Amino acid sequence: MITVTDVSLRFGDRKLFEDVNIKFTPGNCYGLIGANGAGKSTFIKILSGELDSQTGNVSMPPGHRMAVLKQNHFEFEEKVVIEVVMMGHKRLFEVKKEKDAIYMKPDFSDEDGMRAAELEGEFAEMNGYEAESDAAILLKGLGIDENLHQKTMADLSGNEKVKVLLAQALFGNPDVLLLDEPTNHLDIEAIQWLEEFLINFNNTVIVVSHDRHFLNKVCTHIADLDFGKIQVYVGNYDFWYESSQLALRMAQEQNKKKEEKIKELQAFVARFSANASKSKQATSRKKLLDKIELDDIKPSSRKYPYVNFKPNREIGNDLLQVEGLTKTIDGVKILNNVSFVMNKDDKIALVGTKDVAKTTLLKILAGEMEPDSGTYRWGITTSQAYFPKDNAKYFEGVDLDLVDWLRQYSPEDQTETFLRGFLGRMLFSGEEAKKKASVLSGGEKVRCMLSKMMLSGANVLMLDDPTNHLDLESITALNNGLINFKGALIFTSHDHQFNQSIANRVIEIQDTGVFDKEMTYDEYVEWKTKK
């Protein structure tokens with residue numbers, strides 16, 4: 001358990017949170033959510049002791065241990081991988097090192113023997129003799145091959161280092177586990193393994209993530225950072241989102257009788273309870289959901305951008321033909337004989353372990369890169385809009401405010417009234433619309449690029465990781481906008497729910513071509529894990 005009492009933090013005139021009082025209890029997994037910049041990562045740092053709050057305190061029962069997912073991937077470069085994992089239990093690792101050092105002494109004294117016996121007892125109490133095998137099990141579960149366990153961290157790739165640091169946080173059954181974006185850079189198999197680990201974890205978990213599918217799978221509660229407070233709600237992310245929307249509708253329907261509202265809430269809770277899986281996590285969540293009353297759900301202050309792509313014309317049947325595309329970059333073959341035909345109703349998720357291959361294919365189809373060989377041909381009824389992973393060239397050194405920036409991409413209406421209205425719907429209201437394009441944050445740039453695409457009226461959209469840098473509200477709005485899009489779509493994303501809710505076809509880029517099948521993303525994941 002971890003108890004937060006009267007915690008407040010300000011940066012200058014800006015209040016992040018004030019008088020926060022929460023008990024995070026064992027057996028529960030709390031998803032910490034809030035708009036970008038609300039202070040989620042800062043709150044995690046206060047919980048871990050890395051940052052001091054201005055008022056209040058954070059406490060744990062004596063003898064309880066906290067583990068935190070480290071963000072510095074280069075902290076342990078000279079250390080052996082298996083030892084880096086065991087370092088997650090600081091005291092156990094200290095005892096092991098001292099014990100081993102005593103046994104290595106050439107002049108082993110009686111005092112050394114007594115000290116070694118003390119250490120052996122403490123080591124046994126902490127299950128130290130199983131430590132190395134436990135660490136190896138964690139590494140294997142996350143996809144780190146056994147032949148890497150005795151290598152140094154410097155020998156590992158960036159993604160492998162992320163997995164080792166995650167194994168370090170999970171090691172030794174900590175009483176409180178703090179995870180800030182744990183699914184970043186993980187592959188499908190590793191995310192599935194982590195989900196199962198957390199579902200079966202009996203202690204306290206607090207997690208920050210932009211992955212809605214992950215939050216839905218593992219969370220028993222949502223801790224919502226809003227209005228400078230943190231309010232804890234029962235249920236996973238989808239339940240929080242839909243209940244906050246339900247509360248908003250109820251607040252707008254003041255004349256509705258309370259009995260009608262109660263019936264609506266009961267039907268809503270019943271629907272979510274019925275969808276619960278048989279996992280322990282979902283079962284405990286269902287029991288808590290059944291106790292929810294009308295006053296427990298509250299509207300959120302969150303604002304969602306309005307994302308709506310309207311094609312200017314309908315697509316014909318002749319959409320896109322790709323034949324034998326091949327591309328080598330810096331001596332490495334990135335694409336090899338990629339062929340497929342895109343149809344008018346297709347919403348294609350591009351998948352594969354190599355992000356550069358997916359990005360390269362989209363760049364070629366967008367006309368931003370030439371293939372070494374092979375051809376592609378767009379149908380004459382198509383118009384394309386492209387969302388690049390790297391949008392720097394659209395903003396760096398651009399001395400325009402947002403109204404004038406967007407005016408460049410508005411072919412029909414260039415009036416200030418129209419452009420300000422458009423920007424307002426994308427959450428750039430009032431003076432925000434006069435910000436310089438060159439000083440925008442990552443999430444603001446993405447919202448501008450999406451605005452540019454909406455104004456294009458294209459009937460084919462190509463998007464390369466559009467959810468990067470977005471908060472959960474913008475991801476949800478974009479997700480819904482693409483579900484409702486009446487044109488064709490080819491996209492990449494690491495967001496499971498985004499892929500599953502949009503795609504009706506999956507193309508995996510492989511070393512010798514493609515795997516291509518009409519299927520949902522969940523069906524693809526199931527096929528992949530059974531291979």
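The values are calculated or read from the model by the stated rules, or taken from the named source; none is laboratory data. Since the model is a prediction, treat every value here as computed from it, not as a measurement. So basically every Cβ, Gly included, is an ideal-geometry build from the backbone, and we count neighbours across all protein chains shown. Calculation scope for accessible area: heavy atoms of the full protein, side chains included, ligands and nucleic acids excluded. Shrake-Rupley method; radii C 1.70, N 1.55, O 1.52, S 1.80 Å.
What's the FRET efficiency of MET519 with GLU264 using the Cβ-Cβ distance as r and R₀ = 41 Å, to the nearest 0.05? Efficiency, from the Cβ-Cβ distance: 0.70. Could you tell me the calculated FRET efficiency between ASP390 and ASP19, based on Cβ-Cβ distance and R0 = 45 angstrom, to the nearest 0.05? Calculated value: 0.60.
Within region 377-403, which residues have the backbone N less than 14 Å from the label spot 7 Å out from THR417 along Cα→beta-carbon, could you tell me? What the label zone holds, given the 14 Å backbone N cut-off, is no residue at all.
Full extension of the chain between MET369 and GLN245 yields a length gain of 40.3 nm, computed as 0.36 nm times the residue separation minus the alpha carbon distance.
More than 11 Å apart: what percent of Cα pairs in region 46-87 qualify? The proportion of pairs with Cα distances above 11 Å equals 76 percent. Among (1) 198; (2) 178; (3) 238, which is the computed volume of the Cα convex hull per residue in Å³? Answer label, from the structure shown: (1). Here the peptides 394-401, 138-145 are ranked by packing, the mean other Cβ count within 10 Å, and the order with the highest first is 138-145, 394-401. Could you list log10 I(q)/I(0) for region 164-206 at q = 0.26 Å⁻¹, which the Debye formula gives when each Cα is one point scatterer? Treating every Cα as an identical point scatterer, log10 I(q)/I(0) equals -1.05. Using a probe of 1.4 Å, the accessible surface attributed to GLU314 totals some 140 Å² when neighbouring protein chains are kept in position.
Residues whose amide H falls under 5 Å from that of VAL351, counting only those 5 or more places apart or on a different chain, are ILE507, GLU508, ILE509, with hydrogens built in the peptide plane. Within the shell defined by Cβ-Cβ distances under 11 Å, the residues around LEU470 carry a net charge of -3, with Lys and Arg each +1 and Asp and Glu each -1. Calculated on the alpha-carbon coordinates, the convex hull of region 1-126 measures out at 173 cubic angstrom per residue.
Assuming R0 = 25 Å, can you tell me the calculated FRET efficiency for the pair SER157 and ASN337, based on Cβ-Cβ distance, to the nearest 0.05? Rounded to the nearest 0.05, the efficiency is 0.45. Residues whose amide H comes within less than 5 Å of that of LYS435, counting only those at least five positions distant or on another chain, are LEU402 (H built at 1.01 Å from N in the peptide plane).
As a rough guide to protection, the peptides 193-200, 513-520, 172-179, 206-213 ranked by mean Cβ packing within 10 Å, highest first, stand as 206-213, 172-179, 193-200, 513-520. With both labels modelled 7 Å from their Cα along Cα-to-Cβ, the GLU120 to MET60 distance reads 3.0 nm. On a per residue basis, region 462-510 carries 25 Å² of accessible surface, using protein heavy atoms and a 1.4 Å probe. Here is the list for region 54-93: chymotrypsin sites (Phe, Trp or Tyr not before Pro) lying in DSSP coil, each with at most 15 other C-beta atoms within 10 angstrom of its C-beta, are PHE74. Near the amide H of TYR306, within less than 5 Å, lie the amide hydrogens of MET426, LEU427, all on another chain or at least 5 residues away, with H placed in the peptide plane.
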